[in-house]
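Take a look at the structure set out below.
The values are calculated or read from the model by the stated rules, or taken from the named source; none is laboratory data. Keep in mind that what you see is a predicted model, and the values were worked out from it rather than measured. Ideal geometry is used to build each Cβ from the backbone, glycine not excepted, and the neighbour counts take in all protein chains shown. Calculation scope for accessible area: heavy atoms of the full protein, side chains included, ligands and nucleic acids excluded. Shrake-Rupley method; radii C 1.70, N 1.55, O 1.52, S 1.80 Å.
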Amino acid sequence: RGIITGGTSGIGLAAAKMLVRDGAHVFIVGRDAEKGKAALTALSDGKGKATYVEADVSTLEGCQKVVEAAGEGNAKVDFLVNCAGMYQEEALQDITEASYSKMMDENVKSTIFLTKAVLSLLSDDSPSILNIASDAALEGNYGCAVYAASKGAVVAFTRSAALDLSPWVRVNCLCPGDVNTPLVKKQLEEGGYTVESMASIYPVGRIGEPEEVAHVICAVLSPLNGFMTGAILSVDGGLTAK
Ligand code: NAD
């Protein structure tokens, strides 16, 4: 039993599919009832089950709502995937206090405060928290300094949380490169470039598929992975191997 924020779309939905397929009860968190309904349909044929929770995890109220839903009847949870997040390109000259706060709230505040809120629900049986950062946390990139700073914060938070919560909870972080999701579709549209140009910088010659990241998410969450905590893992087609 566990929670995936951003579980109605992209990487989070792909991970929810694999976990529900294998028998987990997954609470998928999103902000859009229509997307929630569509995701529940996509998740309806697994051995496990899915529950949609509508909450904005960039607010403390939203985090509390998630905890109340997943912890109903004093239930415990075994995993949390902090996958909800946003991407926005913005020239340094254009950054405003509002755009900064939005990015930090969506990507950092949500991760920190949902992690804090979920502690009261975590089981004693090798629970696992997995944060989704980005290759942008590990190397510089053009036109997305605040995004990169927010994901760098997620990486740093992961390491310290892993220390604070050991040996009870394992806390790890994935840094995906570009993955074929609605987030990247929006990025391509807004940036006015093509998936081919995006793919051309990857040693493997293409961008990733959500299922390829979901597979790693499941492997990291598994209790069989009991010796890994505080790890920052790249799933990026070799992008940061250079
Ligand atoms: P996506 O847009 O397909 O899915 C993210 C979901 O999270 C969306 O449904 C969105 O509405 C939801 N969400 C965002 N903020 C939320 C909030 N405050 N409360 C509740 N729900 C919220 O994106 P994705 O590509 O699947 O990305 C998932 C994660 O992976 C994000 O953190 C993203 O930054 C990260 N990431 C993605 C890529 C990529 O190329 N797709 C690369 C690196 C990192």
Per the rule of 0.36 nm per residue minus the C-alpha distance, extending Val195 to Leu224 adds in nm 6.8 nm
How large is the dipole of the range 148-210 about the Cα centre if only Lys and Arg carry +1 and Asp and Glu carry -1, each at its Cβ, rounded to the nearest 20 debye?
200 debye
Nearest 10 degrees, 0 to 90: what angle lies between the long axis of helix 60-70 and the longest principal axis of the chain (Cα atoms)?
50 degrees
Once you charge only the Cβ atoms, +1 for Lys and Arg and -1 for Asp and Glu, what is the size of the charge dipole of the chain about its Cα centre, to the nearest 20 debye?
560 debye
Acute angle (nearest 10 degrees) that the helix 33-42 long axis makes with the longest principal axis of the chain, alpha-carbon atoms
70 degrees
Counting C-alpha atoms alone, how compact is the range 57-192: give Rg to one decimal and Dmax as a whole number, in angstrom.
15.9, 50
Exposure of Thr115 as accessible area (Å², to 10), given a probe of 1.4 Å and all protein chains:
10 Å²
What is the distance in Å between the Cα centres of the range 1-20 and the range 104-142?
14 Å
Dipole of the chain, positive direction: furthest Cα of Thr51, Ala75, Gly85, with charges on the beta-carbon
Ala75
Quick one: grab Rg to one decimal and Dmax as a whole number for the chain, Cα atoms only, in Å.
17.0, 50
Degrees, to the nearest 10: 145-165 long Cα axis against longest axis of the chain
30 degrees
Evaluate the Kirkwood expression for the hydrodynamic radius of the range 1-137, namely the inverse of the mean inverse distance over all pairs of different C-alpha atoms, and round to one decimal in Å.
15.2 Å
Quick one: which residues, 5 or more positions from Val81 or on another chain, have an amide H under 5 Å from its amide H? H modelled 1.01 Å from N in the peptide plane, none for Pro or chain starts.
Ile3, Ile4, Thr5, Leu130
Amide H proximity to Cys144 below 5 Å, modelled H, separation 5+ or other chain, gives Glu90
